[in-house]
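Remarks on the structure that follows.
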Amino acid sequence: MDRFDERILHELKANGRLSNVDLAQRVGLSPSATLRRVQELEKKGVISGYRAVLDRNKLGVGFVAYVSIGLSDHSRKSQRDFELQVMDSEEVVECHNITGSSEYLIRVETADLASYKRFHSEKLGEIPQVNTITTMVVMDTPKDERG
């Protein structure tokens, strides 16, 4: 990977909808050379996909929380069973297996606090492997580069 590849990645990260001609102008290469490089970055898996960035507020998401989950059993089967449960929950938009006092950190997005309360009691609270639930409510997001 050289400086041109790095510039391509920088530009596409900022705007994945750039046309190849615009991208080529921004990185200082010909359109054909830029296209070859982008295709090679895709082939190598460096670029794994493109997506739309959605305005969650306009989609009715008014409540975001990070929730740490402690399991009662630390076996691989218990982890797998928990992961299968959260994969089926539309409210869970991220799930990370972490180190520390909890096994998982999940990002939950719902319409409002009442919706989160239902999710907390009716879904998370019903998963047999869950021992502890600690909720951290997002009050503001001054920086978010996930896109």
- Note on the structure: With R₀ set to 41 angstrom, the calculated FRET efficiency between the beta-carbons of SER30 and LYS58, to the nearest 0.05, is 0.55
- Please calculate how many Å² of accessible area the range 1-122 carries per residue, with a 1.4 Å probe and no DNA, RNA or ligand atoms counted. 66 Å²
- Can you list the lysines whose alpha carbon is less than 18 Å from that of LYS143, not counting same-chain residues fewer than 8 positions off? LYS13
- Message: If I compute solvent accessible area with a 1.4 Å probe over the protein chains, what percent of it on the range 1-132 is carbon and sulfur?
- Response: 49 percent
- Item | Residues listed by number, the range 1-18, amide nitrogen under 15 Å from TYR50 label point at 7 Å toward C-beta | 8-18
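Quick one: order ARG51, ARG107, ARG118, ARG17 from most to least accessible surface, probe 1.4 Å.
ARG17, ARG51, ARG118, ARG107
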- How would GLU90, GLU40 line up by accessible area, probe 1.4 Å, largest first? GLU90, GLU40
- Message: I'd like the accessible area for TYR66: 1.4 Å probe, protein heavy atoms, all chains in place, Å² to the nearest 10.
- Response: 70 Å²
- Task: For the chain, evaluate the Debye formula with one uniform point scatterer on each Cα (no solvent term) and list log10 I(q)/I(0) at q = 0.13, 0.15, 0.22 Å⁻¹, rounded to two decimals.
- Result: -0.75, -0.85, -1.24
- Can you give the angle from 0 to 90° between the axis of helix 113-122 and the longest principal axis of the chain, with both taken from C-alpha atoms, to the nearest 10? 60 degrees
- Message: Is there a quick way to get the dipole size of the range 5-104? I mean about its Cα centre, with the Cβ of Lys and Arg at +1 and of Asp and Glu at -1; what is the value in debye to the nearest 20?
- Response: 520 debye
- Measuring from the longest principal axis of the C-alpha atoms of the chain, the long axis of helix 76-87 (C-alpha) lies at a number of degrees, nearest 10, equal to 70 degrees
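The values are calculated or read from the model by the stated rules, or taken from the named source; none is laboratory data. What you are looking at is a predicted structure, and each value in this text was computed from that prediction instead of being measured. All Cβ positions, glycine included, derive from the backbone under ideal geometry; neighbour counts span all protein chains shown. Just so you know, the surface numbers come from the protein's heavy atoms only, side chains and all, with ligands and any DNA or RNA stripped out. Shrake-Rupley method; radii C 1.70, N 1.55, O 1.52, S 1.80 Å.
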